[in-house]
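The values are calculated or read from the model by the stated rules, or taken from the named source; none is laboratory data. The shown structure was predicted, so the numbers you read here are calculated from the model rather than taken from an experiment. Don't worry about glycine lacking a Cβ; one is built from the backbone with ideal geometry, like all the others, and counts go over all protein chains shown.
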Amino acid sequence: MDMNEIKEIFFQECEEQLAELESGLLKLNDGDRDPETVNAVFRAVHSIKGGAGAFGLDDLVAFAHVFETTLDCVRSNKLEPNQDVLKVMLKSADVLADLTNAARDGGSVDESRSRGLVKELEALANGELPSPSASAEAPAPKAAAKAASAAPAPTPKPTDDSGFQPVPFSFDDFGGEDDAGGMPTYEVIFKPRYELYSKGNDATLLLRDLSRLGEMTIYCNTDDLPGLEELDPEGAYFFWNVTIKTDKGEDAIRTVFEFAEWDCELTVKPVEEARADATSNDELPMVPVPFDLSILDETGAMEEVSAGDARAEETAAAVAAAETASNVTQIVAARVEKKESAAAAAAAASAAAQNNAAGAGQTIRVDLDRVDRLINLVGELVINQAMLSQSVIENDTTGTSSINMGLEELQQLTREIQDSVMAIRAQPVKPVFQRMSRIVREIADMTGKSIRLITEGENTEVDKTVIDKLAEPLTHMIRNAVDHGIETPEKRAAAGKNTEGTVRLTAKHRSGRILIELADDGAGINREKVRQKAIDNDLIPADSNLSDEEIDNLIFLPGFSTADKISDISGRGVGMDVVKRSIQALGGRINITSKPGHGSVFTMSLPLTLAVLDGMVVTVAGQTLVVPLTAIVETLQPEAAAIHSFGANHRLISIRNSFCPLVDVGRILNFRATQANPVEGVALLVESEGGGQRALMVDAIQGQRQVVIKSLEANYTHVPGIAAATILGDGRVALILDVDAVVGASRGQSLKAEMSLAAVG
């Protein structure tokens, strides 16, 4: 695996960490004060910072370091995560995502915004709470003063008889047992190499993570420290002898150093074994220097080294500190101050592994093309299995042969394999939903509105092909809801509403499909304004008589917009048109319900997958069609007494004391010139989005089968009223019916070519 592949894996992990970061911040924003939530947020930023340091992404490391420092204040209860604080942190999460994308794709980031947030984060870390009207670009006075002043050299402390001084180094959150008596004791010798520091790792943070495993004593060995004239500020001269009491075992100790094992010399042994080795060694025993961990508590937050400082200035600062020191304390302090601003990839990864290993399942990253090829092969397997079954049925009339029994088992296994393979591509909608949170915040800031996004059903799974194409329509719908749906705080207050608007995004499974609802508590659709705009834009005749549902659907027309002027958000009439075309391209449907003064609900119904479906194979005028099973409510044999004429060319069928329109599929698709006799056929009671129930009349039912979807548009051309095609067991091509298009045609609408995969699934 080359470096580019490793870097790509890092950016994939960054996406996961950014999603975890935003999810945790939103939980905190909702009032969740669980320490594990805070730790998860901290670990996400820490992991990104560590990995970025390993690849030399200085801008990302510098911003993540400041962000991490502020989060550490929250973690240690020095900073209360109120709404104003979290607003800054949510903006910081957005900038962190921008910096990550820029590092991956080579783009740029708004430097003024990132610098402003750095100052705000520094101010928060120093105890300065932001005012609600504070600008992200306004510098924090205390932070600015801090950056302008040089940090004084550490004050020398008294030394012991050996001339060396203990360096305090401790943490409040050791995580060790108060009573470690009886626990196994290990001796750890940790000797970093130069490469460990050059890759952004930090011995200090590795020792911090090690301290969480139990009660620990640390000694710093300085035997390799050269004279001042030979001192290389980038070198690695110290190593540590650690004695730790822990019941976690040797593997847990080694896990702390997992990502730094190639850049250090590490020895872990039980104390008894270590002492035996020492006794058998003729060398003089090492006289260690105690390394007390309380330095961080005494000095507070370490001074940050600006990412923009030249390397020469860092070197001069380190040497200057060493010259003023009478012992090793100042050299160690200079190293700690300098390296705290770099990344800590190994420490972050090991900490995350320790906290998440218990509940996380094992995963493997596989290239998507390989999965697609596997799915295609399984689809071909399904087709060939159906062909084999068809051939055996045609040549064996007994129906009880061992071949038939074997084919039944093969059919079951094929179905299980297909379901398992499809499950590989299934992914939760959570990443897409989390992306919408940022869009809501940005549009709310641009419009001066206060809006809260509530998401439900984030773990609902759907095929990755659907997931990948959901972001664009959802983005347009969110922008429409925030800009047009939600009123300004003043108007909401005047209407007796909460000044904070609510947008609710929900996902759930229903009848083999996924339903995504976007609801807002805004003013609803102003139907009179929508109708007048459509007339002004020559989209409908002035004397048209439209129902409320038809007026609501006018917003999906190309070029339609109710905005009074064009802005960065809306006004060009392309948003909702894109939504409808995107949803239809996915084989989905979209429906609107709106109540003036109370808000609107947009409901999208999408197939769970675009690869296979369960269908009813039927015959219509000599043609073989497949009707998606999810659209069928029931099948029935019409009786003459149940058929009623309505007008010149319409018929109704009586079903349980109610009447339902009867639709001749063959006539709608122009398979025949005249309507067939309903009594001689079969009626399929179907349900479509916005069209209610219809009884589709077909000639006969051949059976129920799982079929592999083949795109007609990709292999032939679009056929009105037909969603896609498939290959049957006898090798014939069967057309998959577009139920929505057929139902729409029965209501007087034309079979439009824009319907590509509608109703599939």
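The residues listed here are S108, S92, S133; of these, the one that is among the hydroxyl-bearing types (S, T, Y), modelled with pLDDT of 85 or more and not assigned by TED's automatic domain parsing to the domain that holds A444 is S92.
If I go through segment 720-734 residue by residue, how many of them are at pLDDT 85 or above and exposed (fewer than 13 other Cβ atoms within 10 Å of the Cβ)? Selection size over segment 720-734: 0. R656: charged (D, E, K, R) and within 30 Å of F602 (Cβ to Cβ), yes or no? Against the criterion (charged (D, E, K, R) and within 30 Å of F602 (Cβ to Cβ)), R656 does not qualify.
One residue stands out among those in segment 101-130 that are among the small types (G, A, S) and closer than 20 Å to F42 by Cα: the one that is surrounded by the fewest Cβ atoms within 10 Å (Cβ to Cβ), which is G127. Residues that are modelled with pLDDT under 85 and either of a type in the set (D, E, K, R) or not assigned by TED's automatic domain parsing to the domain that holds F433 (or both) do not occur anywhere in segment 63-73.
Results for (1) assigned by TED's automatic domain parsing to the domain that holds E416; (2) surrounded by fewer than 22 Cβ atoms within 10 Å (Cβ to Cβ); (3) among the charged types (D, E, K, R), shown as yes or no for each residue.
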{"site": "L629", "(1), (2), (3)": "no, yes, no"}
{"site": "E634", "(1), (2), (3)": "no, yes, yes"}
{"site": "A641", "(1), (2), (3)": "no, yes, no"}
{"site": "L652", "(1), (2), (3)": "no, yes, no"}
{"site": "L669", "(1), (2), (3)": "no, no, no"}
{"site": "A673", "(1), (2), (3)": "no, yes, no"}
{"site": "L685", "(1), (2), (3)": "no, yes, no"}
{"site": "E713", "(1), (2), (3)": "no, yes, yes"}
{"site": "H718", "(1), (2), (3)": "no, yes, no"}
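Count of segment 719-746 residues, restricted to those that are of a type in the set (D, E, K, R) and in contact with a Gly (Cβ under 8 Å, 6 or more places away or on another chain), is 2.
Taken across segment 199-218, residues that are under 28 Å from K245 (Cβ atoms), at pLDDT below 50, assigned to a loop (DSSP other than H, G, I, E, B) and of a type in the set (G, A, S) do not occur at all.
All told, H484 falls short of being within 19 Å of the chain's Cα centre (by Cα) and not aromatic (F, W, Y). Being in a helix (DSSP H, G or I), of a type in the set (S, T, N, Q) and not assigned by TED's automatic domain parsing to the domain that holds R492 is a property that S437 lacks.
Residues in segment 506-534 that are in a helix (DSSP H, G or I) and either in contact with a strand residue (DSSP E or B) (Cβ under 6 Å, 6 or more places away or on another chain) or not charged (D, E, K, R) (or both): 3 in all. Residues in segment 735-746 include at least one that is under 20 Å from A386 (Cα atoms) and either in contact (Cβ under 8 Å) with a residue 40 or more places away in the chain or surrounded by fewer than 20 Cβ atoms within 10 Å (Cβ to Cβ) (or both). Screening E442 with (1) in a helix (DSSP H, G or I); (2) under 21 Å from L586 (Cα atoms); (3) assigned by TED's automatic domain parsing to the domain that holds G587 gives one miss only, at (2). Residues that are more than 14 Å from A676 (Cβ to Cβ) and polar (S, T, N, Q) were ranked within segment 638-657; the one that is modelled with the highest pLDDT is S654.
You will find that of L505, L546, L539, L554, the residue that is of a type in the set (A, V, I, L, M), in contact (Cβ under 8 Å) with a residue 40 or more places away in the chain and assigned by TED's automatic domain parsing to the domain that holds G448 is L505 and no other. Tell me, yes or no, whether segment 442-458 has at least one residue that is touching a residue at least 60 places away in the same chain (Cβ under 8 Å) and touching a strand residue (DSSP E or B) at 6+ places or on another chain (Cβ under 7 Å). Scanning segment 442-458 turns up no residue that is touching a residue at least 60 places away in the same chain (Cβ under 8 Å) and touching a strand residue (DSSP E or B) at 6+ places or on another chain (Cβ under 7 Å).
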